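A.B. asks: My structure is below; once you've seen it, I'll send some questions.
The values are calculated or read from the model by the stated rules, or taken from the named source; none is laboratory data. Quick caveat, the model's predicted, so the values are computed rather than measured. Here the Cβ positions follow ideal geometry from the backbone for every residue, glycine too, while neighbour counts run over all protein chains shown. For the accessible areas, the whole protein counts, side chains as well, though only heavy atoms, and no ligand, DNA or RNA atoms are used. Shrake-Rupley method; radii C 1.70, N 1.55, O 1.52, S 1.80 Å.
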Amino acid sequence: MAAVLSNEVKQALQDIYYNVRTGRGKEAFALLEKASAAGDGDASCVLARCYCGYQYVWGWHGFPEDDEKATKLLHKSVEQGSALGVLVALRSGELTPSVQKKMPFANLQEAFDQVEALAKEGDAFCQYIVGNSYFWWDFLRIQNKGKDSFPSQAEFKAYLKENISKCEDWFWKAFRGGMYLAANNLNRYYTQGDEDIIAPQPEKARDLYKMGAEMGYPTHQFIYATELQKEEKFEEALHWYKESAEANNGESWHKVGWLYFEGKGVEKDEAYAVSCFQRELARDPMYVGSNNLMGKAYFYGRGVPQDYAKAYQHLLLAHDHGKSNWGVYYLAKCAFNGWGTPQDYGKALQYLNELDWKNQEADYMRGYIYGRGLGGVAEDIPKGVEYLQKAGNLSEAKEELLNYKKTLFGKWVRRK
């Protein structure tokens with residue numbers, strides 16, 4: 001690793017981590033690929049992180065996930081002389097003895113010192129990596145120390161506490177400098193502590209995501225909005241969901257749409273809600289929540305012209321691909337009546353059997369199917385009547401019950 005980060009890596013860190021709102025994640029990814037190929041070990045290291053998924057980089061950049069490529073890039077970054085690569089490989093469990101031999105450093109402490117120097121100069125990514133070295137106890141291997149290095153258990157624990165606690169300051173520096181991921185570890189540090197060495201301080205974690213939201217981090221805006229929604233502070237939640245949505249943070253347009261669809265914290269506007277669901281589906285056509293609510297919107301004609309075929313299409317996608325039973329009532333009703341799909345009592349019953357909540361119309365449809373022996377099931381008049389009676393005062397159920405009577409022996413039969 002050079003004494004300073006290259007301009008390419010600095011720009012990439014800005015667009016990938018510090019300011020995801022630029023929307024330049026893919027350009028930054030390409031920049032790292034080019035720099036890595038040209039021998040920039042730091043670029044190889046950051047690129048490796050990009051391949052590791054949402055736990056290591058903002059998921060809505062749309063980067064491919066490939067653990068094998070990430071591992072190869074980490075090894076490459078070590079060979080290219082990146083001290084960052086050494087620490088990230090160590091943290092990832094990829095700094096095997098054979099890989100460590102290829103690094104151009106006398107020892108791990110030398111690599112750590114280089115990263116710490118950049119952290120002290122203000123680079124948030126380096127601050128985060130240094131914080132992780134303390135938080136996850138990597139300092140033991142870096143400093144080549146262990147329990148046997150100390151004359152007593154008490155002194156060893158004192159050494160551990162002294163080093164682990166250093167993560168707090170580094171994580172705060174990284175958090176304020178643009179690394180929203182640092183808040184996740186701060187939250188864990190405060191809420192869980194560390195064994196019997198660091199005591200939990202949950203009060204310090206209380207406003208972490210609010211702070212992140214106010215600093216403009218889309219992920220934290222979404223998390224904070226979700227907290228507000230749970231507290232039924234819908235108007236405030238809507239504000240932060242919108243902020244998150246404008247940065248193209250996944251699920252946020254769906255949340256904005258839901259609040260408008262239901263009139264929570266804002267005047268109901270079903271047409272605008274539908275446009276929000278459509279924006280979410282433009283980002284991810286398979287997104288379950290928006291497919292379900294688009295299906296409901298088309299089923300009732302809320303915000304869009306009523307269209308059972310489109311309703312069925314959206315609900316079926318959410319059901320089959322998203323493994324969601326949220327819309328099975330609507331799917332059952334469409335199949336039962338032949339709305340937007342060919343009439344199919346068997347399918348209707350299949351959907352009804354997935355329903356795990358009380359619904360009078362569902363009971364009516366079950367009663368109709370069993371009483372008449374439709375959809376491939378044997379006629380079962382007593383079972384059909386039982387369901388029809390459960391449907392209560394539903395007019396369709398009361399009308400269907402008129403087709404059945406009890407014999408003198410108390411048996412339900414069809415009227416002739």
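A.B. asks: In region 67-83, what residues are open to solvent by less than 90 Å² (accessible area, probe 1.4 Å) and either assigned to a helix (DSSP H, G or I) or under 21 Å from T22 (Cα atoms) (or both)?
C.D. replies: Across region 67-83, the qualifying residues are A70, T71, L73, L74, H75, K76, S77, V78, A83.
A.B. asks: Output the residues belonging to region 141-165 that are part of a helix (DSSP H, G or I), in contact (Cβ under 8 Å) with a residue 12 or more places away in the chain and open to solvent by less than 50 Å² (accessible area, probe 1.4 Å).
C.D. replies: Once the filter is applied, which keeps residues that are part of a helix (DSSP H, G or I), in contact (Cβ under 8 Å) with a residue 12 or more places away in the chain and open to solvent by less than 50 Å² (accessible area, probe 1.4 Å), region 141-165 yields I142, Y159, L160, N163, I164.
A.B. asks: Quick one: would you say Q306 is open to solvent by 20 Å² or more (accessible area, probe 1.4 Å) and either under 40 Å from the mean Cα position of the chain (by Cα) or β-branched (V, I, T) (or both)?
C.D. replies: Taking the combined requirement at face value, the residue satisfies it.
A.B. asks: Further question: Given the conditions (1) at pLDDT 95 or above; (2) part of a loop (DSSP other than H, G, I, E, B); (3) open to solvent by less than 30 Å² (accessible area, probe 1.4 Å), which single one is not true for P64?
C.D. replies: Condition not satisfied by P64: (3).
A.B. asks: Let me ask another. If the requirement is being at pLDDT 95 or above, under 27 Å from G250 (Cβ atoms) and charged (D, E, K, R), which of these qualifies: E27, E79?
C.D. replies: Result: E27 is the single residue among E27, E79 that is at pLDDT 95 or above, under 27 Å from G250 (Cβ atoms) and charged (D, E, K, R).
A.B. asks: Any residue at all in region 269-280 that is over 23 Å from H61 (Cβ atoms) and among the basic types (K, R)?
C.D. replies: For region 269-280, residues over 23 Å from H61 (Cβ atoms) and among the basic types (K, R): absent.
A.B. asks: Kindly indicate which of A213, A237, A225, A245 is within 30 Å of K296 (Cβ to Cβ), in contact with a His (Cβ under 7 Å, 6 or more places away or on another chain) and of a type in the set (A, V, I, L, M, F, W, C).
C.D. replies: Answer to the check: A213.
A.B. asks: Inspect region 221-239 for any residue being in contact (Cβ under 8 Å) with a residue 60 or more places away in the chain, in a loop (DSSP other than H, G, I, E, B) and not acidic (D, E) and give the result as yes or no.
C.D. replies: No, that holds for no residue.
A.B. asks: Report yes if K34 is among the basic types (K, R), outside any helix (DSSP H, G or I), over 22 Å from the mean Cα position of the chain (by Cα) and exposed (fewer than 15 other Cβ atoms within 10 Å of the Cβ), otherwise no.
C.D. replies: So K34 fails the test.
A.B. asks: If G53 meets every condition in (1) buried (at least 21 other Cβ atoms within 10 Å of the Cβ); (2) within 26 Å of the chain's Cα centre (by Cα) apart from one, which number is that one?
C.D. replies: (1)
A.B. asks: Could you tell me how many of the residues in region 372-416 are part of a loop (DSSP other than H, G, I, E, B) and loosely packed, with under 10 Cβ neighbours inside 10 Å?
C.D. replies: Selection size over region 372-416: 9.
A.B. asks: Looking at N291, N325, which one is assigned to a helix (DSSP H, G or I) and among the polar types (S, T, N, Q)?
C.D. replies: Exactly one residue qualifies, and that residue is N291.
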